[in-house]
Amino acid sequence: MATPSIFSGPVVIVGGGVAGLVTAHLLTEAGAKVVVIEKFERVGGLARSYQYDGFVFDLGPHRFHTENPNIKTYLDRVLGNNTTAFPRASEVFFEGSYYRWPLHPKNLVQLPLPLAVKSAFDLAVNGRKVYGNDNFEDYVLKQYGPTLYENFFKGYSIKFLGIHPKQTHPDWAKVGINRAIIDDKLQMQNLTQLAKSTLLQFNKAEINFIYPKGGGLQVTWDIVAEKIKAKGGRILTNTGARLAGGNGRIEAVYAGSERIEPSMVIWTAPITLACDQLNIERPDLPYLSTLFYNVMLEEEVQRKYQWCYYGADDIVFSRVSTPKYFADDTVPNARAAGLCVEVTCREGDERWLHAERLTDWVVDDLIKVGMITSRRKVHDVRVERVANTYPIYHSRYPTELEKARKGLAQYENLQLAGRTGMFWYNNMDHSIENAMQLSRKLLRESGRAEIDEKLLAAGLAG
């Protein structure tokens, strides 16, 4: 079945997150008529920012880091010199102590002696043990051994996802470790690689991150949105989208009361919602949601990390980030600091419905782990509920995802993209690359390869 030309009518992009906005930008640059439909007041999706009382908070520790030269060129074109660069400073809190992450050789002497001895024993003998390949538990036992599994991976996974590692697909371990490490040059997919990579950290310079100036990550997406509009694209905010399909096509997209007849629909909202709207059997593909407790402090934080993982089950949050160490203009003055504290949940569960009740617990645990000194130093705490932040890779998710893709594939002018649209645990840079690849594909299939080549030459597609 031939893909329809994107120049025969408007391209409707459902969702104004990273993938949706970058795709809209590239296609408007190529001359397509694009309409972006975003249900929230501002664009940015899971990479948007919040501002209150002079503090700026992203939804977790977002920053740009890529080895793809086309993405670097694109970001340079969008942001120009309006960026700051800084070396990574991330940590993990384990057994009451802070460790640099990825691990550094000096961390090895911090480990409790019994744990260090058992981990060394696992390194020596684990290769001779036989494990299955069916779930997260099997994968981590095989790759890292029982000591690290029991003392770190198991508890963190249950706390974060809310399901047991035996019910979790091994892809969650593979992808999750890569997303946490970020640096492609470090290999930590098993205990041997972990040991080697840790020892290689002796003289290794930290990787550099890029971050926009002037108002958090939101600055990036506001610039992209303006570029889309400057090329004639439309962005409809505070508006939901509803698909109407028939005869193997998406015949209409409704944005509120407006009916749009699209040449192509690029869907970046949850894949389950697309199935619901098109009367396709809903797949069992749940999403995790996150409560963000944005803590405003009238003091410096006690540890100068950009973000840190907290796996202990007696601490309510799983990750904390410090916007000040991404850009100093995210705080109202040099003596202030903000902490973005993440608590995972499911949309509609007790935590989601009564998130404010956990605020005191969050503050108490920040004191317990040594991040703040006193409640008196807390200026305010704002809670943001954000749905569909992570796909949940349960043991059956590949089958369910394939079922959804097959059901949606009957519509020739529907493309899936982005984190929620593809049910894909990715980083922001991956969403940009996804948008570039999709834009080039659509241009080529529309018979406009010459435009595709111009975009590639300009560093706008990869």
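Here are some pairs, Lys174/Lys304; Lys39/Lys154; Lys174/Lys231; Lys72/Lys377; Lys166/Lys377; which of them have Cα atoms lying more than 32 Å apart in this structure?
Checking Cα-Cα distances, Lys39/Lys154; Lys174/Lys231; Lys72/Lys377; Lys166/Lys377 exceed 32 Å.
Given the C-alpha atoms of the chain, compute the convex hull and give its volume per residue in Å³. Provide the component values of the computation, followed by the final result.
Numbers: hull volume 69.9 nm³, N = 462.
Hull volume over Cα atoms, normalised by residue count, gives 151 Å³.
How large is the translational diffusion coefficient of the stretch 376-434 in µm² per second when you combine the Kirkwood radius over alpha carbon pairs with Stokes-Einstein at 10 °C and 1.306 mPa s?
This corresponds to a translational diffusion coefficient of 111 µm²/s.
Taking amide hydrogens as modeled 1.01 Å from N in the peptide plane, which residues meet the under 5 Å criterion relative to Leu416, leaving out close sequence neighbours?
Here Trp267 satisfy the definition.
With +1 assigned to the C-beta of every Lys and Arg and -1 to the C-beta of every Asp and Glu, and no other charges, what is the dipole magnitude of the chain about the Cα centre in debye, to the nearest 20?
Around 620 debye, computed over the chain.
What does the helix-only formula give at 222 nm for the chain: each DSSP H stretch with n ≥ 4 adding -39500 (n - 2.57), the total divided by the residues, and the result rounded to the nearest 500 deg cm²/dmol?
Mean residue ellipticity, 222 nm, calculated: -10000 deg cm²/dmol.
How much area per residue is accessible in the chain when the probe is 1.4 Å and only protein heavy atoms are counted (Å²)?
It amounts to 42 Å² per residue over the chain.
If amide H atoms are built 1.01 Å from N in the plane of the peptide, which residues on other chains or at least 5 residues away come under 5 Å of the amide H of Ile235?
Those qualifying (amide H under 5 Å, at least 5 residues apart or on another chain) are Val36.
On the protein heavy atoms, probe 1.4 angstrom, tell me the percent of accessible surface of the chain carried by carbon and sulfur.
About 50 percent, which is the carbon plus sulfur part of the accessible surface.
The values are calculated or read from the model by the stated rules, or taken from the named source; none is laboratory data. Everything numeric in this text was worked out from a predicted model, so none of it was measured. FYI the Cβ positions are ideal-geometry reconstructions off the backbone, even for glycines, and counts take in every protein chain you see. Just the protein is used for accessible areas: all its heavy atoms, side chains included, with ligands, DNA and RNA removed. Shrake-Rupley method; radii C 1.70, N 1.55, O 1.52, S 1.80 Å.
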